[in-house]
Structures are given as structure tokens and as C-alpha cells.
Amino acid sequence: MTTIKRIIVLHGLYMSGFVMRPLCHQLKKAGFEILNLTYNSLSPDKETIFQQMDSFIGDQHTALVCHSLGGLIARAYLESNSVNTQFITKVITLGTPHKGSQIAKHMQEKGFDSLLKNSVEFLLSNNADWPFNAKLYSIAGDLPIGLMPLLEKGSQSDGTVLLDETKLHGMAEHKIFHLSHTTMIYSRQVMQYILATLKADKPL
């Protein structure tokens with residue numbers, strides 16, 4: 001059984017590491033070493049982000065815990081295939097639009113690209129599967145508080161990300177909580193699930 005010692009936490013769009021502090025505090029209390037990585041979510045500098053991740057991981061088994069856009073940054077990191085990526089054993093995402101973001105697509109179509117800047121490189125990705133050795137645990141919310149119910153009437157979402165956008169072929173597990181997009185970061189239920197996932201040796 002592989003023991004995870006280190007965790008990299010990646011926040012979402014229009015956010016910083018500050019919003020992830022309560023989650024990081026709980027992970028630290030559980031005995032993990034944490035890198036709460038703040039990056040410019042509108043213009044993510046992949047080279048800088050990936051260097052910070054490589055440096056923190058070293059040769060230790062590491063997990064990634066990511067909210068929303070952070071999960072797409074995590075995917076790009078695994079695709080970079082650096083020496084250190086082999087030590088990522090689990091990726092846990094909260095409300096990540098793995099298949100691409102419908103809201104981002106709507107914003108682009110309406111000419112609001114300036115509100116997304118370079119994040120569209122990630123948000124408009126069209127992924128169908130999860131091809132990495134690291135296991136993906138995708139957490140989704142189904143409490144639609146946000147723009148999505150107005151844009152996609154009758155859809156299932158967390159208010160920002162469609163339920164279907166959080167699913168990929170090849171993921172280890174898909175877990176739905178009755179929470180909105182942002183509240184899942186602070187949910188005790190979600191925290192319990194994250195800790196159980198990190199400590200368990202779950203098969204694919």
C-alpha cells in the first residue's frame with residue numbers, strides 16, 4: 001500500500017490559496033505536508049506552477065486536491081510528464097469541469113473573453129477520459145445555486161459546473177454531494193470523504 005505524505009492544493013478561478021486554508025488546516029491536522037499553491041487563475045503560468053509542484057513533490061508519494069479550474073491545472077501538470085509526476089498517486093477534484101466548462105463557452109460566445117483571459121486554455125478543453133496512472137476521484141455538487149440553471153434550464157449542476165462535466169471515463173470514483181460549487185470547499189462531509197480517500201487503498 002502506497003502511503004501519501006504530501007498534498008498539493010490548487011484553488012479555482014477568481015480565487016487564491018486563501019479560500020483553501022480551512023481545507024488545508026484539516027489536511028495538516030491529519031498529518032499531511034501541504035503546499036497550498038496560489039497562482040494567477042486568469043493567466044496561469046504553467047512553467048512556474050509546475051516547477052513549484054515538482055520541487056514540493058521531490059520523490060514522495062503525493063496527492064492533488066483541487067477545486068474547479070485547479071483540477072484542469074492538475075491534468076496539465078500530469079500531461080507535462082516531468083520526472084516528479086510519477087509520484088502523483090491520487091487526484092481529488094471538487095467541482096472540476098473535466099469535459100470543459102459550458103459557462104466558459106457561453107461567456108466566450110457572448111464576447112466576455114476578457115473576464116476569463118488565458119484560463120480558457122483549460123476551461124474550454126474537451127477531455128473524454130482520464131489516461132493517467134494517478135487515480136481520479138471526482139467530487140460533484142447538485143445544489144444549483146448560480147448561473148447554470150439560467151443558462152441550461154433543467155440541467156443538473158452545482159450552479160456553476162454541470163454534473164456531466166465532472167465525469168470522465170477511467171476515473172476511479174464519482175461522488176455527488178448536495179452542495180453548491182463553492183460550499184463544497186468548506187463541507188465537513190466532503191472533508192471526511194477526502195480524508196477517507198487519501199488514506200484508503202482503493203482499487204480502480
Report summary line: The size of the Cβ-based charge dipole (Lys, Arg +1; Asp, Glu -1) of the stretch 149-199 about the Cα centre, to the nearest 20 debye, is 220 debye
**Report entry** Backbone N under 15 Å from the GLN60 label point (7 Å along Cα→Cβ), restricted to the stretch 1-20
**Finding:** 3-9
Query raised in the report: What does the charge add up to near HIS178, with Lys and Arg as +1, Asp and Glu as -1, over the other residues with Cβ less than 11 Å from its Cβ?
Result: -2
Report task. Please list, or write none, the lysines whose alpha carbon is within less than 22 Å of the alpha carbon of LYS153, excluding same-chain residues fewer than 8 places away. Result -> LYS99, LYS105, LYS110, LYS167
Query raised in the report: So between VAL83 and LEU115, what do we pick up on full extension, going 0.36 nm a residue minus the alpha carbon distance?
Result: 8.1 nm
Report task. Using 0.36 nm per residue of separation minus the Cα-Cα distance, give me the extension gain between ILE145 and ALA128 in nm, one decimal. Result -> 3.5 nm
Query raised in the report: Once the piece of chain linking HIS25 and ARG188 is laid out straight, how much longer is it, given 0.36 nm per residue of separation minus the C-alpha distance between them?
Result: 57.4 nm
Query - Furthest towards positive pole of dipole, LEU23, TYR39, LEU10, structure part the stretch 1-47, Cβ charges - result: LEU23
Query raised in the report: Counting Lys +1, Arg +1, Asp -1, Glu -1, what net charge surrounds SER119 among other residues with beta carbon under 13 Å of its beta carbon?
Result: 0
Requested in this report: With a Förster radius of 30 Å, plug the Cβ-Cβ distance of GLU152 and ASP45 into 1/(1 + (r/R0)^6) and report the FRET value to the nearest 0.05.
Outcome: 0.40
Query raised in the report: Peptides 123-129, 134-140: what's the order by average Cβ count within 10 Å, highest mean first?
Result: 134-140, 123-129
**Report entry** Cα radius of gyration and Dmax for the stretch 1-113 (Å)
**Finding:** 14.4, 50
Query - Only Lys, Arg (+1) and Asp, Glu (-1) charged, at Cβ; the chain dipole about Cα centre in debye - result: 580 debye
Query - Shape of the stretch 68-204, Cα gyration tensor, a/c cut at 1.5 - result: oblate
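Where a number appears in this text, it was derived from the coordinates with a stated rule and is not lab data. These numbers were taken from a predicted model, which means no experiment stands behind them. Here Cβ is always computed from backbone atoms with ideal geometry, including for glycine, and neighbour counts include all displayed protein chains.
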